[in-house]
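As C-alpha cells, the structure follows; a few thoughts come after it.
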Amino acid sequence: MGKSDLPPGGGDDIQPIDLRTALEERYLAYALSTIMHRALPDVRDGLKPVHRRIIHAMSEMGVRPNTAYKKCARIVGDVMGKFHPHGDQAIYDALVRLSQDFAIRYPIVDGQGNFGNIDGDNPAAMRYTEARMTDVAALLLEGIDENAVDFRPTYNEEDEEPIVLPGAFPNLLANGSSGIAVGMATNIPPHNVHEICDAALHLIKNPDASVADLVELMPGPDLPTGGTIIESRASILDAYETGRGGFRVRAKWSQEDLGRGGYQIVVTEIPYQVQKSRLIEKIAELLIARKLPLLEDVRDESAEDVRIVLVPKSRTVDASLLMESMFRLTELESRVSLNMNVLSMGKVPRVMSLKEVISEWLAHRREVLVRRSQHRLAEIDRRLEVLGGYLVAYLNLDEVIRIIREEDEPKAVLMTTFSLTDLQAESILNMRLRSLRKLEEFEIRKEFDGLTAEKAGIEALLASEEKQWQTVAWDIGEVKKKFAKATPLGRRRTDFADAPSTDLEAIEQALIEKEPVTVVVSEKGWIRALKGHLGDFSTLQFKEGDSLKIAFHAQTTDKIIVFTTGGKAFTLGADKLPGGRGHGEPLRIMIDMENDQDVLTAFVLDSSRKLIVSSVQGYGFLVNESEFVANTRKGKQILNVAMPDEAKLVVHAKGDHVAIVGENRKMLVFPLSQMPEMTRGKGVRLQRYKDGGVSDIRVFAIEDGLTWDDSAGRNFVRKKDELAEWLADRATAGRTVPKGFPRSGKFSG
C-alpha cells in the first residue's frame, strides 16, 4: 500500500470502531424502522404506513367514492413517487388486499377488474385494474383538511403526509391487521363494526367498564369468510383481557339429502385466510393416501359462493363423525390468533387489552373533534372580521369607491379612514365589481349572526368535556347506523358454537381404514401384521433360530396390547404395525422394553373384559382390561414384580371360580370373589408352594364345571360335586391334580 492509497491527512483520521457496538446500533435502527414504519399498525386509525399513504394519495388525486375509477398504475405511481419509496409491487399488493372482501371485512378500496379470489389466484396487473375509495376510506379521512391531525414532510421533503388519519371508522378492530416486525408481531382478526360501536358507546358512558362488559357487547371476531368460532367464553374473555390468545374457527357445513337414505355434505363457508384450492388439494391428497376412510370423493362446485361437496363412503357413515375427522386432519378447522401488539399513540409498541384499544381510539376521536372545532373557530373569526369590513364598505360605498379610484395607496387610507384591519382592507380591495350588488346589509348581517351563533356553540363545546364526549358518541352512532347489522355489509357473518362432544376414540377409528390383519409375534420379539385373517399359522416364515410365539386375528382399527415378563403393558395401533413383507420389526424399536424382560403375550384390547394377572410365584389380582392402555412408549406398570419373580400369566376372567395349577401338580379351586380387583400392584397370594411356582390358571362357571384338554385332544369335564376336594380358600396349597390332567400342567394340553 503506497502513500497515495492513504486517505487525506495521511491516515491519521481513521477511527477504530468496535464491531459489536456498530452492529448493535445499526440493527437497532433497522428494528425500530421495521416496527414503527412497516409492520405494526397505529392503534388510532388501525393502519400501517403503506395503507395510510395509499389512502392519502387517493385523496390527493380526488379518487373519492362518488368519482370515476382511476387506473391502479396511476395510484401506485403517485404513492411511490410522492410518499412511499419502496417497490411498486409491494404497494400494489397492499392496495389489492384493501379491496378483497374475503381478506378484509370492510373493504377500503373499491376495485374494478380482477383483484384475485379466495382460491389464491393472483390479481391482474395494475395497468388493467382500476380503483377508487369506499365509504370506509372516506370516513377514515373525514376532517383531514381541517387540521384534525399533524402532517410531516415526505421522504424527499417535497410534500407533506399525515402522521395518522382522523379515523372516524374503528378500523383496527373492524378490519384487523397482521404483521411481523423484529422481535415482535401483531395479529388482530376482523370484528363487527356494529358491535365495536356498541362497546365504544358503553365505554363513553361507563369509563370504568371491564373487558367482560365490553365482550358482552362484542362477543368475538366477525370474519369476512364467515365460519363458526368454537371457543369457550372464558378463553375468549382471557384473550381480550390480555391481548393474546386465539380462536378455533370451523367451516360451516350442512347435510343435503339425496333421497333413498343417501346424502352429501356441503361446505358453504371456510375458515379465514384459508385458500380454497389449497384446502381441496390437501383433502384430495389425504383421500389418495387413504387417510380419510369415511370419505368417497370431494368436489368443488363453487361459483360466486363457496360450495365444496364431500361425498361419504356409504349412506351409513355418520355425518358428524366424518366432519370431525375432516376437522382433525384438514384446514376445515384452523386457528385465528390474537396478538394486539400495536403502536400506542403512534409511538410505543405494546400488547393492549380490548378496553385499552377502544379507549385510545376514543381519545383520538376526541382530540380530532377538538382540533377540527378549533380550526372551524379560527375560520369563523376570520370570516366575521371580513364581514365586518364588508359592512363598513356597504354603509360607505361611495367613499370607498372614491378612495380606491383616487388614492395612490388606497389600502392604508381605507384602514385609517374606517379603522379597518389589514385583512378587512385587503378583502374589500379584492372584491369583484359584480359582488357590489350583493352587498346588502340584510345578507351580511344574516351570515354574521349565523356564524356568531355557530361560534358560541363551538366555544361551548370546547369548554365542556361532557359535550365533547356527547359529540363523539353521536359520530359513533352515525357510523353504527351506516354499518348496522341490518345492512348487507354489516350483518354478522361468523357465529359461535360449542364444539360437539364427540367420542375421541370413534374419531381416531374413523381416521383408519378398517381392514382384517393377522398379528404375528415371534419368540425373539419381532412383530408384523399380515393382510387378511390367516387360517393356518404353520406356514409362517421366521428368521433362522426364531419361531412363532403368538398369532391372532385383528382389525386395523384395533389397539394391540403387549404384556411383558416385567409386568408392563404397552399399546400399539394395529394400523401402525410393520407389514407382512419380511419378518417385521423388533418390538424393542417401538416400545421402551427393558433388556432383561421379554414379551409374555399380546392380544386385541377389549375394554369390556376383566383379566387375572399372575406372577411365577403365584401372586396376582383381577384387573379391568381398559387399565392396560398406555399412551407412551414407556408403557404402564400393571403387575409389580422383582427378580427373580416375573409375570407369568394373563387370563380372561369370565366365570365365578378360579382353578389354579402349580408346577408341583397341585390344583386349587376357589371363588373369584376372593380375588381383589386392582389397577396396579403385587397382588395377593393365589396358591401356596413349598418350591416352584404357578403353571396355569383357568376361570370358569362352577355350574358348567371345569374343562381341560389332554395332549391327545380328549376333553375332560369335572362337575361341581366332583370338584369338592379341590374347593378351598385362596392361598392354600390345593390337592394333586385329578386323573387325566395333562402332563404339561396346562388346561389346554
Quick check: anything in the stretch 374-395 farther than 30 Å from ILE236 by Cα, in contact with a Pro (Cβ under 8 Å, 6 or more places away or on another chain) and either charged (D, E, K, R) or not assigned by TED's automatic domain parsing to the domain that holds ALA181 (or both)? no
Listing of helices (runs of 4 or more DSSP H) fully contained in the stretch 380-431 that carry 3 or more residues being within 20 Å of THR452 (Cβ to Cβ): 422-430
Sole exception among (1) within 23 Å of the chain's Cα centre (by Cα); (2) assigned to a loop (DSSP other than H, G, I, E, B) for LEU338, by number: (2)
Has the stretch 678-691 got any residue that is touching a Phe, Trp or Tyr at 6+ places or on another chain (Cβ under 8 Å) and either exposed (fewer than 14 other Cβ atoms within 10 Å of the Cβ) or not assigned by TED's automatic domain parsing to the domain that holds THR707 (or both)? no
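For (1) within 21 Å of GLY143 (Cβ to Cβ); (2) crowded, with 17+ Cβ neighbours inside 10 Å, each residue gets a yes or a no:
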{"position": "GLY389", "(1), (2)": "no, yes"}
{"position": "VAL392", "(1), (2)": "no, yes"}
{"position": "LEU397", "(1), (2)": "no, no"}
{"position": "ILE403", "(1), (2)": "no, yes"}
{"position": "GLU407", "(1), (2)": "no, no"}
{"position": "LYS411", "(1), (2)": "no, no"}
{"position": "THR421", "(1), (2)": "no, no"}
{"position": "ARG434", "(1), (2)": "no, no"}
{"position": "GLU465", "(1), (2)": "yes, no"}
Considering each residue of the stretch 252-299, count those that are more than 18 Å from GLU324 (Cα to Cα), modelled with pLDDT under 90 and in a strand (DSSP E or B), and give that number. 4
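If you check ARG248, ARG299, which single one turns out to be under 17 Å from the mean Cα position of the chain (by Cα) and among the charged types (D, E, K, R)? Before you say what the answer is, go through the steps one by one.
Values: ARG299 fails: under 17 Å from the mean Cα position of the chain (by Cα).
After applying the criteria, what remains is ARG248.
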Which condition does GLY683 not pass, out of (1) touching an Asp or Glu at 6+ places or on another chain (Cβ under 7 Å); (2) small (Gly, Ala, Ser); (3) at pLDDT 80 or above, if it passes all the others? (1)
Taking SER373 as the residue in question, decide whether it is under 24 Å from GLY457 (Cα atoms), among the small types (Gly, Ala, Ser) and assigned to a helix (DSSP H, G or I). yes
If we keep only residues of the stretch 519-531 that are touching a residue at least 60 places away in the same chain (Cβ under 8 Å) and over 17 Å from GLU544 (Cβ atoms), then the residue surrounded by the most Cβ atoms within 10 Å (Cβ to Cβ) is ILE527
Determine, yes or no, whether VAL641 is in a loop (DSSP other than H, G, I, E, B) and crowded, with 21+ Cβ neighbours inside 10 Å. yes
Sort through LEU292, LEU343, LEU354, LEU279 and tell me the only one that's surrounded by 17 or more Cβ atoms within 10 Å (Cβ to Cβ) and either among the hydroxyl-bearing types (Ser, Thr, Tyr) or over 28 Å from ASN175 (Cβ atoms) (or both). LEU292
Only residues that are assigned to a strand (DSSP E or B) and either closer than 14 Å to THR736 by Cα or β-branched (Val, Ile, Thr) (or both): list them for the stretch 652-695, please. VAL658, ALA659, ILE660, VAL661, GLY662, LYS666, MET667, LEU668, VAL669, VAL684, VAL694, SER695
Check off (1) modelled with pLDDT of 80 or more; (2) surrounded by fewer than 16 Cβ atoms within 10 Å (Cβ to Cβ); (3) under 30 Å from ASP598 (Cβ atoms) for ARG491 and give me the number that stays unchecked. (3)
Those residues of the stretch 635-662 which are farther than 23 Å from TYR689 by Cβ, modelled with pLDDT under 85 and among the basic types (Lys, Arg), in sequence order: LYS654
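Can we say ASP709 is under 17 Å from VAL616 (Cα atoms), among the acidic types (Asp, Glu) and modelled with pLDDT under 85?
Numbers: under 17 Å from VAL616 (Cα atoms): no; among the acidic types (Asp, Glu): yes; modelled with pLDDT under 85: yes.
Considered against the rule, which asks whether it is under 17 Å from VAL616 (Cα atoms), among the acidic types (Asp, Glu) and modelled with pLDDT under 85, ASP709 comes out as no.
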Just one of the numbered conditions (1) in a helix (DSSP H, G or I); (2) modelled with pLDDT under 90; (3) more than 25 Å from LYS514 (Cβ to Cβ) is not true of GLU324; which one? (3)
For the stretch 700-719, pairs from a residue that is among the acidic types (Asp, Glu) to a residue that is surrounded by fewer than 14 Cβ atoms within 10 Å (Cβ to Cβ), with Cβ under 7 Å and 6 or more apart or across chains, are ASP709/ASN715; ASP709/SER748; ASP710/GLY740
Of (1) touching a Phe, Trp or Tyr at 6+ places or on another chain (Cβ under 8 Å); (2) surrounded by 19 or more Cβ atoms within 10 Å (Cβ to Cβ); (3) in a strand (DSSP E or B), PHE741 satisfies every one except (3)
Any residue in the stretch 214-235 that's closer than 17 Å to ILE104 by Cα and among the acidic types (Asp, Glu): show its pairings with residues that are at pLDDT 90 or above and surrounded by fewer than 20 Cβ atoms within 10 Å (Cβ to Cβ) at Cβ separation under 8 Å, as long as the two are six or more apart or on different chains. ASP222/ARG492; ASP222/ARG493
Residues of the stretch 239-251 being outside any strand (DSSP E or B) and in contact with a strand residue (DSSP E or B) (Cβ under 6 Å, 6 or more places away or on another chain), in sequence order, are ALA239, GLY243, ALA251
Look through PRO85, PRO107 and report the one residue that is surrounded by fewer than 17 Cβ atoms within 10 Å (Cβ to Cβ) and not acidic (Asp, Glu). PRO85
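The values are calculated or read from the model by the stated rules, or taken from the named source; none is laboratory data. Given the structure is predicted, the values throughout are model-derived calculations rather than measurements. Here Cβ is always computed from backbone atoms with ideal geometry, including for glycine, and neighbour counts include all displayed protein chains.
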